Amino acid sequence: MSLIRLLQRKPDGEIVFREPTSGEVPAYAILSHTWGEEEVIYQDLKKGKDKNKTVNKAGWRKIQFCAKQAAVDKLEYFWVDTCCIDKSSSAELQEAINSMFRWYRDAAKCYVFLSDVPRADVDTTDHSQQLPWESAFRTSRWFTRGWTLQELIAPKTVEFYSRGHVLLGDKA
């Protein structure tokens, strides 16, 4: 059975790997997103490459979002596929693909980061009019990916966030 490699947000805000050595996996959040330019990968974090270069990549903002949202939800640990899987290892990549449904199912929270849905003022009480972000939500690239169905079905809770980190709603 594959052990999940997690990220940990320390009290000072530093983000580091935590690799469980036993079957004891702490509660964690998981990020569902679409890949874009400048993703932070495993090697960027593991080998301690130039930290300034890593934190200036566009993908770092998604990692920070997940870390902060997990902290709001009282979760110290989180998982992001771009950097928690060593894709240079074909054995690890294959095992991760085979474990993915379970990892999403076992997550305490799943955050869907919709990079193509703009930040908007959200009024969840008035259902009589379409809100500006709803059209972008319906046509989001996230819904066209091959992994979407498992990432929507497997977790107990799925929360959708705009690129401005605004909660748009959940799968319920």
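The values are calculated or read from the model by the stated rules, or taken from the named source; none is laboratory data. Since the model is a prediction, treat every value here as computed from it, not as a measurement. Neighbour counts run over all protein chains shown; Cβ positions are idealised from the backbone, glycine included. To get the accessible areas, we keep the full protein, side chains included, count just its heavy atoms, and leave off ligands, DNA and RNA. Shrake-Rupley method; radii C 1.70, N 1.55, O 1.52, S 1.80 Å.
Which numbered condition trips up W60, out of (1) in contact with a helix residue (DSSP H, G or I) (Cβ under 9 Å, 6 or more places away or on another chain); (2) of a type in the set (A, V, I, L, M, F, W, C); (3) touching a residue at least 40 places away in the same chain (Cβ under 8 Å)?
Just one mismatch for W60, condition (3).
Restricted to the range 122-137, and to residues that are open to solvent by 80 Å² or more (accessible area, probe 1.4 Å) and either assigned to a loop (DSSP other than H, G, I, E, B) or at pLDDT 85 or above (or both), which residue is nearest to C110 (Cα to Cα)? Steps first, please.
Of the range 122-137, the ones open to solvent by 80 Å² or more (accessible area, probe 1.4 Å) are 124-125, 127-130, 132.
Still in the list and also either assigned to a loop (DSSP other than H, G, I, E, B) or at pLDDT 85 or above (or both): 124-125, 127-130.
On the way: T124: 20, T125: 23, H127: 25, S128: 28, Q129: 28, Q130: 25 Å.
Of everything passing the filter in the range 122-137, T124 is nearest to C110 (Cα to Cα).
Given (1) modelled with pLDDT of 95 or more; (2) open to solvent by less than 30 Å² (accessible area, probe 1.4 Å), identify the lone condition not met by K68.
(2)
Would you pick out the residues in the range 72-99 that are farther than 15 Å from Q43 by Cα and either of a type in the set (F, W, Y) or touching a residue at least 60 places away in the same chain (Cβ under 8 Å) (or both)?
Going through the range 72-99, the residues farther than 15 Å from Q43 by Cα turn out to be 72-79, 91, 94-99.
E76, Y77, F78, W79, E95, A96, N98, S99 - these are the residues of the range 72-99 that are farther than 15 Å from Q43 by Cα and either of a type in the set (F, W, Y) or touching a residue at least 60 places away in the same chain (Cβ under 8 Å) (or both).
Would you check if Y111 is more than 17 Å from R18 (Cβ to Cβ), under 11 Å from the mean Cα position of the chain (by Cα) and assigned to a helix (DSSP H, G or I)? Break it down into steps so the answer makes sense when it comes.
Numbers: more than 17 Å from R18 (Cβ to Cβ): yes; under 11 Å from the mean Cα position of the chain (by Cα): yes; assigned to a helix (DSSP H, G or I): no.
So Y111 fails the test.
Strands (runs of 3 or more DSSP E) wholly in the range 1-73 with at least 2 residues that are within 17 Å of S115 (Cα to Cα) - which ones? Quick ask: steps written out before the conclusion?
Details: elements: 6-9, 15-18, 28-33.
The strands (runs of 3 or more DSSP E) meeting that bar are 28-33.
Could you pull out the residue among A27, A107 that is under 20 Å from G169 (Cα atoms) and touching a residue at least 24 places away in the same chain (Cβ under 8 Å)?
Going through A27, A107 in turn, just one is under 20 Å from G169 (Cα atoms) and touching a residue at least 24 places away in the same chain (Cβ under 8 Å): A107.
Of everything in the range 1-36, what is exposed (fewer than 14 other Cβ atoms within 10 Å of the Cβ) and β-branched (V, I, T)? Give them in sequence order.
Of everything in the range 1-36, those that are exposed (fewer than 14 other Cβ atoms within 10 Å of the Cβ) and β-branched (V, I, T) turn out to be V16, T21.
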